[in-house]
Amino acid sequence: MRMLINVPETVVADGLRGLAAAHPELRVDVENRVVVRGDAPVAGKVGLVSGGGSGHEPLHGGFVGPGMLSAACPGEVFTSPVPDQMARAAAAVDSGAGVLFIVKNYTGDVLNFDMAAELAEDEGVQVAKVLVNDDVAVVDSLYTAGRRGTGATLFVEKIAGAAAEEGAPLERVEAIGREVNARSRSFGVALSAVTTPAKGSPTFDLPSGELELGIGIHGEPGRERRAMMTSREIADFAVDAVLEDLKPSTPVLVLVNGMGATPLLELYGFNAEVHRVLGERGVPVARTLVGNYVTSLDMAGCSVSVCAMDEELLRLWDAPVQTPALRWGR
């Protein structure tokens, strides 16, 4: 397998050095694996910290900046960051208003962020946590107890980040993050397996001509395998799986997300099918985002995330944001 890397051992550090070179507005600590917005800590502002294994870029480092995350902690590929990273990030962004940890529901992430919260609180930092568990495909997967955290992580980071930017207190920012998660559901589909730099070959077997419905962002098994389906058929299956669980009664925010190797042309075509299904089911769409945001290295495939919005959440979604991967309104 051909990869654009030097050696597997330095792939995360090399990526962080490149992020620093492209975005001097960020403080990138390559050695300690922490990405911080350049003006942190901001007086009177709640800090938002997230993180997880590398390989899902731009999640999370690409979402650091005004209107979104204050800091991100990248682990090794598909491996949770360690508590010291998270505690260091919390200390870097705490203005005295407290810090919110946004945690995807994977066992390693949950345990390490919990330990980091204890370390930070020992240093006088007030910490709250939002757990993201939006994936409707399966329960109790390879790396989780309960549902996995996937595309809705972006929704939580953006909307809670906007509330923090406006000066909302920690309790309010936490409540908004929890509400966004509760209103969100996701479903992913793999068209090919994923290859990690360390292994250099696919991490699971997905024969040509088949797809995996309900795949996880690390290649965890989904609901079932089928013969290849059309974009229209995949949209019917994925959107119905989301709507059966969410049952939205308000207009929705939609993320059509690429897993890393699917061209934008195909993603936009898939988005047309997603909108068709939502229209047929009588679900109005308030906003749509299409692109590669919560990825799985070189996996071909897509996911659909839907959040049932109200006026306040929509206002916060539309609020200005300036990060490497998401920016508008500034």
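The values are calculated or read from the model by the stated rules, or taken from the named source; none is laboratory data. Quantities reported herein were computed from a predicted structural model and do not represent experimental measurements. When we count neighbours, we look across all protein chains shown, and the Cβ atoms used for this are built from the backbone with ideal geometry, even at glycine. Accessible surface areas use protein heavy atoms only, side chains included; no ligands, DNA or RNA. Shrake-Rupley method; radii C 1.70, N 1.55, O 1.52, S 1.80 Å.
Name the one entry in A90, A40, A20 that is more than 27 Å from L313 (Cα to Cα), touching a strand residue (DSSP E or B) at 6+ places or on another chain (Cβ under 9 Å) and at pLDDT 95 or above.
On inspection, the qualifying residue turns out to be A20.
If I ask for residues that are in contact (Cβ under 8 Å) with a residue 12 or more places away in the chain and either touching a Leu at 6+ places or on another chain (Cβ under 6 Å) or of a type in the set (S, T, N, Q) (or both), which ones from the range 191-211 would you list?
Result: L191, S192, A193, V194, T195, T196, S201, T203, L211.
Looking at (1) in contact with a strand residue (DSSP E or B) (Cβ under 8 Å, 6 or more places away or on another chain); (2) surrounded by fewer than 21 Cβ atoms within 10 Å (Cβ to Cβ); (3) free of Cβ contacts under 8 Å to residues at least 40 places away in the same chain, which is the only condition A128 fails?
(3)
If you take just the strands (runs of 3 or more DSSP E) that sit entirely in the range 1-66, which of them hold at least 2 residues that are among the small types (G, A, S) and touching a residue at least 24 places away in the same chain (Cβ under 8 Å)?
On the way: elements: 26-29, 34-37, 47-54.
Hits in the range 1-66: 47-54.
Could you list all residues from the range 306-327 that are out of contact with any helix residue (DSSP H, G or I) (no Cβ under 8 Å at 6 or more places or on another chain), more than 16 Å from E166 (Cβ to Cβ) and not acidic (D, E)?
Within the range 306-327, just R327 meets the criteria.
In the range 163-179, which residues are open to solvent by 40 Å² or more (accessible area, probe 1.4 Å) and either basic (K, R) or more than 19 Å from V254 (Cα to Cα) (or both)? It would help to see each step written out before you state the result.
Going through the range 163-179, the residues open to solvent by 40 Å² or more (accessible area, probe 1.4 Å) turn out to be 165-167, 169, 171-172, 174-175, 178-179.
Selection gives E165, E166, G167, P169, E171, R172, E174, A175, R178.
Taking only the range 32-52 into account, find how many residues are open to solvent by 10 Å² or more (accessible area, probe 1.4 Å) and of a type in the set (G, A, S).
The qualifying residues number 4.
Name the residues in the range 67-107 that are in a strand (DSSP E or B) and either surrounded by 24 or more Cβ atoms within 10 Å (Cβ to Cβ) or of a type in the set (A, V, I, L, M) (or both), would you?
L69, A71, A72, C73, P74, V77, V99, L100, F101, I102, V103, K104
Scan the range 145-166 residue by residue and report those that are in contact (Cβ under 8 Å) with a residue 60 or more places away in the chain and under 17 Å from G53 (Cα atoms). Don't jump to the end; show me each part of the working.
Our first condition is that a residue be in contact (Cβ under 8 Å) with a residue 60 or more places away in the chain; within the range 145-166, this holds for 148, 150-155, 157-166.
Once the filter is applied, which keeps residues that are in contact (Cβ under 8 Å) with a residue 60 or more places away in the chain and under 17 Å from G53 (Cα atoms), the range 145-166 yields R148, T150, G151, A152, T153, L154, E157.
If only one of A182, A190, A160 is open to solvent by 10 Å² or more (accessible area, probe 1.4 Å), of a type in the set (G, A, S) and either touching a Gly at 6+ places or on another chain (Cβ under 7 Å) or at pLDDT 95 or above (or both), which one is it?
On inspection, the qualifying residue turns out to be A182.
Within the range 192-213, track down each residue that is under 23 Å from S54 (Cα atoms), assigned to a loop (DSSP other than H, G, I, E, B) and either among the hydroxyl-bearing types (S, T, Y) or out of contact with any Asp or Glu (no Cβ under 9 Å at 6 or more places or on another chain) (or both).
Those that are under 23 Å from S54 (Cα atoms), assigned to a loop (DSSP other than H, G, I, E, B) and either among the hydroxyl-bearing types (S, T, Y) or out of contact with any Asp or Glu (no Cβ under 9 Å at 6 or more places or on another chain) (or both): S192, T196, K199, G200, S201, T203, D205.
Which of the residues belonging to the range 138-149 are open to solvent by 10 Å² or more (accessible area, probe 1.4 Å) and in contact with a Gly (Cβ under 9 Å, 6 or more places away or on another chain)? Full working, then the answer.
So the first thing to find is which residues in the range 138-149 are open to solvent by 10 Å² or more (accessible area, probe 1.4 Å), and the list is 138-147.
Of everything in the range 138-149, those that are open to solvent by 10 Å² or more (accessible area, probe 1.4 Å) and in contact with a Gly (Cβ under 9 Å, 6 or more places away or on another chain) turn out to be V138, V139, D140, S141, L142, Y143, T144.
In the range 153-189, how many residues are basic (K, R), touching a helix residue (DSSP H, G or I) at 6+ places or on another chain (Cβ under 7 Å), assigned to a helix (DSSP H, G or I) and under 26 Å from A238 (Cα atoms)? Don't jump to the end; show me each part of the working.
So in the range 153-189, the residues basic (K, R) come out as 158, 172, 178, 183, 185.
Adding the requirement that they be touching a helix residue (DSSP H, G or I) at 6+ places or on another chain (Cβ under 7 Å) leaves 158, 172, 185.
This time we only want the ones that are assigned to a helix (DSSP H, G or I), so: 158, 172.
After this cut, where a residue has to be under 26 Å from A238 (Cα atoms) as well, the list is 158.
Residues flagged as basic (K, R), touching a helix residue (DSSP H, G or I) at 6+ places or on another chain (Cβ under 7 Å), assigned to a helix (DSSP H, G or I) and under 26 Å from A238 (Cα atoms) within the range 153-189 amount to 1.
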